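Computed from the coordinates by the stated procedures, all read-outs in this text should not be read as laboratory data. Being a predicted model, the structure only gives us computed values, none of them experimental. Neighbour counts are summed over all protein chains in view; Cβ atoms, including those assigned to glycine, are modelled from backbone coordinates with ideal geometry.
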Amino acid sequence: MSTRDLAGEFDDLVRLSFFVEIGKAISKARTIGETIDEVMRQIGEIFAPRNWSLLLKDTRTGDLIFTLVVGTSARKLKGQRLSRGEGIAGWIAETGQAVIIEDVAKDPRFCRRIDTATGFSTTSIIGVPLKTNGKVFGVIELINKLDEKAFTAFELKVLSTIADFAALAIEKAYYLRALSKLATIDALTGVANRGEFDRLVARELARSKRYATPLSCLMVDIDGFKKINDSFGHPAGDCVLKALASILQRTVRQVDTVCRYGGDEFVLVMPGIGKAQAVEARDRVLAALADYNAAGPRIPLVVSIGLHTVVGGETDAFFDTLDQDLYREKERKLLRTITDMDDNLEAMLAEEVREQTSRGDGD
């Protein structure tokens with residue numbers, strides 16, 4: 001074997017070792033954020049660009065969002081959006097191709113809108129797509145080398161390899177998080193499930209006891225849910241459950257958690273608020289339900305809501321008290337229904353007729 005051949009094999013081994021080390025570094029990350037951070041760190045060390053960005057695609061609109069930006073004008077650039085197909089990054093996302101632009105002034109695909117917004121001056125770009133299952137979900141873009149030289153074809157190859165490692169690592173981190181999330185989410189309604197509720201309340205009760213802060217919960221139960229299933233079928237019952245979960249999620253604070261407690265019962269866990277604020281939260285839920293019913297759904301949604309607040313160490317029999325308040329609310333509602341004859345006479349008469357017909361009393 002010639003000296004030249006030996007030198008070529010040595011260079012190949014060096015390159016292979018280089019990529020293996022990059023792959024190891026990226027694969028050690030456990031979360032999506034850690035993975036992206038490591039990718040950007042590797043890029044900064046290898047290429048020394050003046051500005052480098054990772055853009056992720058908004059699947060609803062096709063826009064690209066500057067998710068992580070390092071370098072000059074990073075603060076101004078983060079969160080900016082490129083419309084579908086806009087600029088060099090937009091072109092990469094649409095075509096799935098990597099590209100080197102030595103002079104953006106000579107390339108009609110370049111869009112100066114972002115430069116104008118950030119005050120940055122782009123001269124050269126190297127960019128590659130991030131793909132999974134053949135679909136582009138993001139773009140890595142490097143702008144202007146610190147030494148002001150042009151990006152090379154070798155650098156494009158290196159960046160493309162890093163992007164392949166990054167895409168696999170991001171995909172792995174995503175599915176690990178998704179699987180973990182599925183273990184805590186109710187499959188039908190998308191809110192926290194019973195297991196997550198138990199963990200959450202145990203943590204919040206301990207926090208309430210330690211810091212003497214209030215914890216309030218609303219238990220929401222659908223009135224006549226069995227009748228809905230019997231009359232309209234279980235698919236209709238599922239739609240009612242999903243509608244209620246959606247209404248509850250829209251009416252709570254960002255720090256509150258909606259949980260499906262079981263069957264047709266939901267619990268709103270509201271840390272840090274006392275009884276007066278919990279009553280206000282219950283009123284917001286009832287107002288939202290009134291708006292929903294006023295819109296004329298096929299099946300009206302009527303609920304009973306129990307409320308309980310603890311402060312400090314008052315954690316004994318928490319769930320029993322919450323259940324008791326719910327059932328007291330149901331009894332009060334039943335009493336109102338019975339005594340409001342003007343509202344219920346026609347319905348009660350019709351019910352009597354149905355019962356007599358079913359017994360054959362009319363013969």
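Going by how many other Cβ atoms sit within 10 Å of their own, how do 94, 86, 280 line up, fewest first?
Neighbour counts put them in this order, fewest first: 280, 94, 86.
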Taking 7 Å along the Cα-to-C-beta vector as the label spot, tell me the residue 311-residue 105 distance in nanometres, rounded to one decimal. 7.0 nm
Given axes a ≥ b ≥ c from the Cα gyration tensor, I'd like to know whether the range 76-159 is rounded (a/c under 1.5), prolate (a/b larger than b/c) or oblate. oblate
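Applying a 10 Å radius around every beta-carbon, put 200-211, 162-173, 253-264 in order of their mean neighbour count, most first. Walk me through the numbers before you get to the answer.
Values: 200-211: 15.3, 162-173: 20.0, 253-264: 17.2.
Descending packing order for the listed peptides: 162-173, 253-264, 200-211.
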Quickly work out the residue 61-to-residue 24 label distance, labels modelled 7 Å from Cα along the C-beta direction, and quote it in nm with one decimal. 4.2 nm
Debye log10 I(q)/I(0) at q = 0.09, 0.13, 0.14 Å⁻¹ for the range 3-182, Cα point scatterers: -0.32, -0.66, -0.76
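Between residue 292 and residue 113, 0.36 nm times their residue separation minus their Cα-Cα distance comes to what? Can you show the working numbers first?
Details: separation 179, 0.36 × 179 = 64.44 nm, distance 4.28 nm.
Fully extending the segment from residue 292 to residue 113 adds 60.2 nm.
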Work out, step by step, the length gained on full extension between residue 46 and residue 279: first 0.36 nm times the residue separation, then minus their alpha carbon distance; give nm to one decimal. 78.1 nm
Expressed in nm to one decimal, what extension gain is obtained for the pair residue 198 and residue 174 from 0.36 nm per residue of sequence separation less their Cα-Cα distance? 6.1 nm
Two decimals is fine: what is log10 I(q)/I(0) at q = 0.12, 0.20, 0.23, 0.27 Å⁻¹ for the range 175-250, from a Debye sum with one equal scatterer on every Cα and no solvent? -0.49, -1.00, -1.10, -1.21
Rank by packing, highest mean first: peptides 283-293, 47-57, 177-187, with packing defined as the count of other Cβ atoms within 10 Å averaged across residues. 47-57, 283-293, 177-187
Each label point is 7 Å from the Cα along the Cα-to-Cβ direction; what then is the distance between the points at residue 183 and residue 239, in nm? 3.5 nm
Checking the cross-link filter: which lysines have an alpha carbon closer than 22 Å to that of residue 78, excluding same-chain neighbours under 8 positions apart? 57, 131, 145
